[in-house]
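The values are calculated or read from the model by the stated rules, or taken from the named source; none is laboratory data. Everything quoted here is computed from the prediction, not taken from an experiment. The protein model used for the area step is the full one, side chains on, heavy atoms only, and it has no ligands, DNA or RNA in it. Shrake-Rupley method; radii C 1.70, N 1.55, O 1.52, S 1.80 Å.
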Amino acid sequence: MVVAAVAIVVQMGVLLALYMALRRTSERMEGIAGRLEQQATPVLTTAAAILDDARPKIAEITTNLAETSASVRTHAGQVGIAATEIVERARLQAARLDEFVINAAHKVEATTELLQNKVFSPMRRVRAIVTALNAGMSFFKSNRSQRRGSSGEVEDEEMFI
């Protein structure tokens, strides 16, 4: 029993020590909480004032972003339409240029053929005739000089006899 009484007294001492430690800890915590509240109150008040001041600005920014987004979408659509139109015009100009080049090539071919048939062919004929005449004249000249040379020999021979 004495042991039980001593155990109860020891338990009471331990419980009393725990109670005192908890009470000191609780007082410290209340002090820290009070200081935290004192220091946080101005910060929270300032933050609330900043948020109150920023709400209309944030709303305006949000509205401006929505308007800008709609405007950008509209302009992007217009740019897409313009780009499509530019590409179509470029394609048409390329087709026209291709047709122009083909027509020019056909005209060059026709002109070349016309020159061949109407100018160069008659010129070749005239040249052939001139060449033939030159050859004929050369032939006659060479025959004439041969006849003169041979007739002179015959006369000399005749005179010699």
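Name every residue in segment 1-57 that is open to solvent by less than 100 Å² (accessible area, probe 1.4 Å) and aromatic (Phe, Trp, Tyr), in order of residue number.
none
Kindly indicate whether any position in segment 88-102 is modelled with pLDDT of 90 or more, assigned to a helix (DSSP H, G or I) and among the β-branched types (Val, Ile, Thr).
So far as segment 88-102 goes, yes, one or more of its residues are modelled with pLDDT of 90 or more, assigned to a helix (DSSP H, G or I) and among the β-branched types (Val, Ile, Thr).
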